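Note sheet for the following structure.
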Amino acid sequence: MIDVTNNRLGWMLDDALRMPETRHGILLSADGLLMAHSERIDRDEAERQAAAMAGLQSLARGTAEFCGDPGTTWRQTISEFDDGYVFLVAAGAGAYLAVSASPQVDMEAVSFRLQELVQRLGKELTSPPRESRPA
Amino acid sequence: MDSALVSDSRYLRDTVQTAVKLLIVGHFAVGKTTFVGTLSEIRPLRTEERMTQAGTFVDDLAGIEDKTTTTVAMDFGRLTLSDRLVLYLFGTPGQQRFTRLWQDLSRGALGALVLVDTTRLDSSFEVMDLVERQGLPYAVAVNRFDGSPAVPEAELREALDLLPTTPLVQCDARDEASSLRALIALVDHLLTLDQEPA
Ligand SMILES: Nc1nc2c(ncn2[C@@H]2O[C@H](COP(=O)(O)OP(=O)(O)OP(=O)(O)O)[C@@H](O)[C@H]2O)c(=O)[nH]1
Ligand SMILES: [Mg+2]
């Protein structure tokens, strides 16, 4: 179990979502399991979205050849809806970050913020929170 | 509710929980989506699309003519077996054209439940081959369709070339109790393998 006071990943998502017009954020493992989620999305929904994002990433990567070399690196997938956007980006080895936002969001600012967050998450993920009790 | 790490004790009961990822696999229209929907305790993730005429000669619907949709990416559901064990079920498309997605979704999975249909046993070879090449431990569940022949277990084992230790069970993907039994057969199998010295 992870110490409640060490819940930095969820906190970092909320921190990043303090920018205007953003909605939810989740962090997921490449195999589709939820690692952390922001405040206003509940766990069931976040887990379902985590699975969907892993599928989306896989399918997106499958379209690389449509663009160029089949081995070209996938960077992000942006989905646009009447109600807004979903950004899905790589967040270090074996993790992805997804954030949703309203149609009014400043896309460039979000992209910048996500890259920033990915860097912070990267540090956090390579030094996992201390266990609250010995394993 | 607050933002949370999934392993955060505020949202889970006091005991340590283990998340186990399992694949639900099988050929086209064998009942994977039905199976995940039957067992999931949360609203399942579905990626169903209406089948189009483009698939008429590719995806064989003989015997299940009332099927109107097919899974284009994946199914997902969650089942809490006990305070300690949470199963994450990933249903994957059966058609060859989705192999790459299939391989990606199998990342991190501990095992697979292979659904088979006795009227179309030969359609299962391809997917069993995929599972074996991924090195995934698996159990086989015969999803009984109305009118499908009852094939004796020994014959099934031979037809599918199963190891004597591979669990083989019957289920109806629409029925919760029998579907649960099939899944537990897989989980038990994984636990047994886990205890065997490598
Ligand atoms: N009689 C009977 N029908 C079933 C059973 N399981 C599924 N069905 C029906 O068979 C059809 C196919 O089931 P799906 O769950 O869509 O199969 P699938 O494997 O997800 O199909 P694809 O994703 O397209 O490969 C549906 O119309 C189900 O209602 C079963 O155990 N018995
Ligand atoms: Mg399906």
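The values are calculated or read from the model by the stated rules, or taken from the named source; none is laboratory data. On a predicted model such as this, the values are computed, not experimentally measured, just so you know. Backbone-built Cβ (ideal geometry, glycine too); neighbour counts: all protein chains shown. When the accessible area is computed, the model is the full protein with side chains, heavy atoms only, and any ligands, DNA or RNA have been set aside. Shrake-Rupley method; radii C 1.70, N 1.55, O 1.52, S 1.80 Å.
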Positive-end extreme of charge dipole, the stretch B:2-195 - chosen from B:116, B:76, B:52 (charges on Cβ): B:76
Solvent exposure, largest accessible area first (probe 1.4 Å, DNA, RNA and ligands not counted), of B:146, A:15: B:146, A:15
Label-point separation, residue A:69 to residue B:155 (7 Å along Cα→Cβ), nm: 5.4
Solvent-accessible ranking of B:171, A:67, largest area first, probe 1.4 Å: A:67, B:171
Surface accessible to a 1.4 Å probe, per residue, for the residues of the stretch B:2-195, Å²: 48
Cross-link reach list, lysines versus residue A:123, counting only Cα pairs under 30 Å and skipping chain neighbours closer than eight places: B:21
Size of charge dipole - the stretch A:29-135 - debye, nearest 20, with Cβ of Lys, Arg +1 and Asp, Glu -1, no other charges: 500
Cα gyration tensor shape for the stretch B:88-198, rounded if a/c is under 1.5, else prolate or oblate: rounded
Lysines whose Cα lies under 23 Å from that of residue B:67, excluding same-chain neighbours fewer than 8 positions away: B:32
Solvent exposure, largest accessible area first (probe 1.4 Å, DNA, RNA and ligands not counted), of A:11, A:74: A:11, A:74
Sites matching trypsin sites (Lys or Arg not before Pro) across the stretch A:47-91 that sit in DSSP coil, with at most 15 neighbouring C-beta atoms within 10 Å: A:75
D_trans [Stokes-Einstein, Kirkwood Rh over alpha-carbon pairs] for the stretch B:77-118, 20 °C, 1.002 mPa s, µm² s⁻¹: 177
Net charge, residue B:187 excluded, C-beta distance under 13 Å - Lys, Arg +1, Asp, Glu -1: +1
Cα extents of the protein assembly as shown along the three principal axes, largest first (Å): 61, 51, 34
Antiparallel DSSP beta bridges within the stretch B:2-195, as percent of all bridges there, nearest 5: 30
Amide proton proximity set for residue A:85, modelled H, under 5 Å, gap of 5+: A:101, A:102
Whether the stretch A:55-105 is rounded, prolate or oblate, judged on the alpha carbon gyration tensor where a/c under 1.5 counts as rounded: oblate
